[in-house]
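The values are calculated or read from the model by the stated rules, or taken from the named source; none is laboratory data. A quick note: this is a predicted structure, and the numbers were derived from the prediction, not measured. Please note: Cβ atoms are built from the backbone with ideal geometry, for glycine as well, and neighbour counts cover all protein chains shown.
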Amino acid sequence: MQEVFLNTVHDFNNYQGMKTLHPLVSVVHVDNTEHIQKCVMHYGLYAIYLKETKGCKLSYGRTPYDFDEMTVTSFAPGQVVTVEPNPDAPFAKYMALAFHPDLLNRTPLASRMSRFEFFDYTSTEALHLSAAEVETFKGVLAMIQQELHHAIDKHTRELIVSHIELLLNYCLRFYDRQFITREEINHGVVKKFLSLLDQYLNDKAEYEGLPTVAYFADKCCLSTGYFGTLVKTESGRTAKDIINDRLLAKAKQLLQSQAITITEVSQRLGFEYPQHFVRFFKALTGKTPAQWRVA
């Protein structure tokens, strides 16, 4: 299988068959007339795709994913993606923005990139755009492309970075809308999360340690970032807070039995050391487990 390393914007443009207009950023329009070849893509830059046809399938991590029409998917440096043809539609049509991390050096956006958690989402959850959102997305890409064709001057970098941040902010808005409009699906994920959490506290915590958000995100086949945002949107509370609430409730249930020592309670809940359990319990109740037990 071919491996493609996209470490520079020039690498990205060469792969797309496009001319490089700027060493650190590119906007491409691709309408393939040749069949997509299966390959593994190694990203050393940021890339955001607006996919207009079901031209290929992705496998990111261990989860396969089919592109729908008019979807956005994003990749960040360090990510590895398997691309293979879709037999139903072997030709791909898409627009893409690629930019190297060096473009952001000494810019305000560099310190704000952590806001855009969708770069940490896996391709199991692409962004599905409405017709109006597609036009907005294309409009911002057009502004970036216009700057790339403009003679470089002292304003070029600032304007391009500003347009990129505008696009990323629109993606945040569109993702917020998607979390709301997919309420039924999200409700099912939260319901599964709560069920798995109860099972974990009853059967696994003693042997596998404290429950983590990453564990349940994996069980729901979602990235930790997407899972966390989904749970917060659906329930109004963070996944970590929900875990702590259920952990505390289980602790109180076990503490009601005088036959179980506090050390044993701590072990059953997955705490490595009893003092960690005491600290956790007191932080949430204002009392130590021993104080709560005799209250």
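Can you work out which of the residues in segment 1-37 that are surrounded by fewer than 14 Cβ atoms within 10 Å (Cβ to Cβ) and touching a strand residue (DSSP E or B) at 6+ places or on another chain (Cβ under 7 Å) is farthest from Glu117 (Cα to Cα)? For segment 1-37, the residue satisfying everything is His35.
Just so you know, in segment 256-278 the residues that are assigned to a loop (DSSP other than H, G, I, E, B) and among the aromatic types (Phe, Trp, Tyr) include one that is farthest from Leu201 (Cα to Cα), and it is Tyr273. Any residue at all in segment 140-160 that is of a type in the set (A, V, I, L, M, F, W, C), within 29 Å of Thr238 (Cα to Cα) and not assigned by TED's automatic domain parsing to the domain that holds Thr224? No, segment 140-160 contains no residue that is of a type in the set (A, V, I, L, M, F, W, C), within 29 Å of Thr238 (Cα to Cα) and not assigned by TED's automatic domain parsing to the domain that holds Thr224. For segment 206-257, taking the residues that are of a type in the set (Gly, Ala, Ser) and within 23 Å of the chain's Cα centre (by Cα), the one that is surrounded by the fewest Cβ atoms within 10 Å (Cβ to Cβ) is identified as Gly236. All of Ser130, Ser114 fail the test of being surrounded by fewer than 20 Cβ atoms within 10 Å (Cβ to Cβ) and either touching a helix residue (DSSP H, G or I) at 6+ places or on another chain (Cβ under 6 Å) or farther than 21 Å from Thr71 by Cβ (or both), apart from Ser114.
Being in contact with a Pro (Cβ under 7 Å, 6 or more places away or on another chain) and not aliphatic (A, V, I, L, M) is the filter here, so list the residues in segment 232-269 that pass it. Across segment 232-269, the qualifying residues are Thr263, Ser266.
Kindly state which strands (runs of 3 or more DSSP E) lie completely within segment 34-75 and contain at least 2 residues that are touching a Phe, Trp or Tyr at 6+ places or on another chain (Cβ under 9 Å), modelled with pLDDT under 75 and among the acidic types (Asp, Glu).
none
Mind checking which residues of segment 76-107 are aliphatic (A, V, I, L, M), at pLDDT below 90 and in contact with a Leu (Cβ under 9 Å, 6 or more places away or on another chain)? Val81, Val83 - these are the residues of segment 76-107 that are aliphatic (A, V, I, L, M), at pLDDT below 90 and in contact with a Leu (Cβ under 9 Å, 6 or more places away or on another chain).
Beta carbons closer than 6 Å, at least 6 apart along the sequence or on distinct chains, never pair a first residue in segment 141-153 that is farther than 12 Å from Ile164 by Cβ and touching a residue at least 24 places away in the same chain (Cβ under 8 Å) with a second that is surrounded by fewer than 16 Cβ atoms within 10 Å (Cβ to Cβ) and among the hydroxyl-bearing types (Ser, Thr, Tyr).
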